[in-house]
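Here is the structure we will look at.
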Amino acid sequence: MTTRTGDYVVRLTQSDAGLLGIDRDAEHANSRAAAEAGVGAHVVDYRPDLGMMVITFLPGKALTNETIGGPGVIARAADAVRRLQAGPRFTGDFDMFARQAGYLALVREHGFPLPDDYDDFAPQWERVRRALAVRPPATVPCNNDLLAGNFIDDGERIWLIDYEYSGNNDPAFELGNTATECDLAREQVDELVASWAGGDLDAAFRARVDVQSLCSEYGWSLWGFIQAAASPMDFDFHGWGMERFEKAAHRFTSDSLDALLDEVALGG
C-alpha cells in the first residue's frame, strides 16, 4: 500500500444534487479531466456513497471581484479557460436553455416564488435562443460556474475548481458567465476575450459573449430562487437570484439587444 503525503481538500456534498441538476459522477470524471488538462486539482479519492471527493490542495488565493482586475490576472484567467477547453472532452453536455427550462418546471411544480415579471421575458429568451443557434460553435469542456472564487491564483498561473455544473458547452458561455459573475467592466471583458483568443477580438464572437452573459444571468437566477426556497443554509439566495435577474432584465430591455442579436446571428 502506498501512503501519499501532502495537503488535501475533502469535499462533502449534500443530498440536494437532484434538485439542482448536479451529476456527481460527471463532476468526478470532469474533475479528473480538468486535472489532466493542467488546470484542476488531482482527484485522490471519490466516495459517492459518502458524498465525498478528496482532491489535492492548490496553493494560492481564491480571486474576488476586486482582485480579478489586478495586473495580469485577467490574462491568466483567460489562459486557464483556454487550457481547460483544449483538454479532454468532458462527460455530459451543458445547455443553459435546457437547464433554465428544467429549473423553471421545478419552480412551478413546487410553487417556489419567482419575480412577478420573470415570465414576461419569455419572448426575448426565445429570440436569444434562436440567434445563438444560427452559427453554433463546436462545444468544448467548460466549468460553467466560474465565479471569482472558483479561480485560484498562485501568482504565476490560475487554477479552476468546482466542477458541479461542468459539461461540454459553447466556449462563449464560459467567458460570458465569468464576465457577469465577476462584474467585469466592458474593457475588462474585452481583455478577457482578446486574451482567450490570443490577441484578436472578433466582433461577432464578442457579441456572443455578451449574449451568453445574459443567458447566464437569466438561467442561474432560477438556481438562486430554488435555493432560497429549499436550502437550509443561512444565505440570501433570493437576493443572489434577484441580482442576476435584474441584470438580465436590463439586457432584455436594452435598446442594443436587437443589434447584438443580429451581430451574433449574421456575423455583422
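Based on what the data block shows, is A41 surrounded by 13 or more Cβ atoms within 10 Å (Cβ to Cβ) and free of Cβ contacts under 8 Å to residues at least 24 places away in the same chain? Break it down stepwise before answering.
Numbers: surrounded by 13 or more Cβ atoms within 10 Å (Cβ to Cβ): yes; free of Cβ contacts under 8 Å to residues at least 24 places away in the same chain: no.
No.
Say we look at the stretch 40-59 and pick out the residues that are assigned to a loop (DSSP other than H, G, I, E, B) and not hydrophobic (A, V, I, L, M, F, W, C); which of these is farthest from C182 (Cα to Cα)?
Selected residue: G51.
I'd like to check which helices (runs of 4 or more DSSP H) are fully inside the stretch 60-145 and have at least 3 residues that are free of Cβ contacts under 8 Å to residues at least 60 places away in the same chain and farther than 17 Å from S216 by Cα.
Working: elements: 73-85, 96-110, 122-134.
Once the helices (runs of 4 or more DSSP H) in the stretch 60-145 are filtered for at least 3 residues that are free of Cβ contacts under 8 Å to residues at least 60 places away in the same chain and farther than 17 Å from S216 by Cα, what remains is 96-110.
Quick one: what pairs do we get from the stretch 250-268, first residue farther than 16 Å from F205 by Cα and without any contact (Cβ under 8 Å) to a residue 12 or more places away in the chain, second aliphatic (A, V, I, L, M) and surrounded by 14 or more Cβ atoms within 10 Å (Cβ to Cβ), C-beta under 9 Å, 6+ apart or different chains?
The qualifying pairs are S254/L260.
As an exercise: evaluate G18 against (1) among the small types (G, A, S); (2) touching a residue at least 24 places away in the same chain (Cβ under 8 Å); (3) outside any loop (DSSP other than H, G, I, E, B) and give the number of the one condition it does not meet.
Against the list (1) among the small types (G, A, S); (2) touching a residue at least 24 places away in the same chain (Cβ under 8 Å); (3) outside any loop (DSSP other than H, G, I, E, B), G18 comes up short only on (2).
Evaluate the stretch 118-130: report whether one residue or more is closer than 22 Å to S31 by Cα, at pLDDT 95 or above and surrounded by fewer than 22 Cβ atoms within 10 Å (Cβ to Cβ). Working first, answer last.
Here is the first cut: in the stretch 118-130, the ones closer than 22 Å to S31 by Cα are none.
Scanning the stretch 118-130 turns up no residue that is closer than 22 Å to S31 by Cα, at pLDDT 95 or above and surrounded by fewer than 22 Cβ atoms within 10 Å (Cβ to Cβ).
The values are calculated or read from the model by the stated rules, or taken from the named source; none is laboratory data. These numbers were taken from a predicted model, which means no experiment stands behind them. Here Cβ is always computed from backbone atoms with ideal geometry, including for glycine, and neighbour counts include all displayed protein chains.
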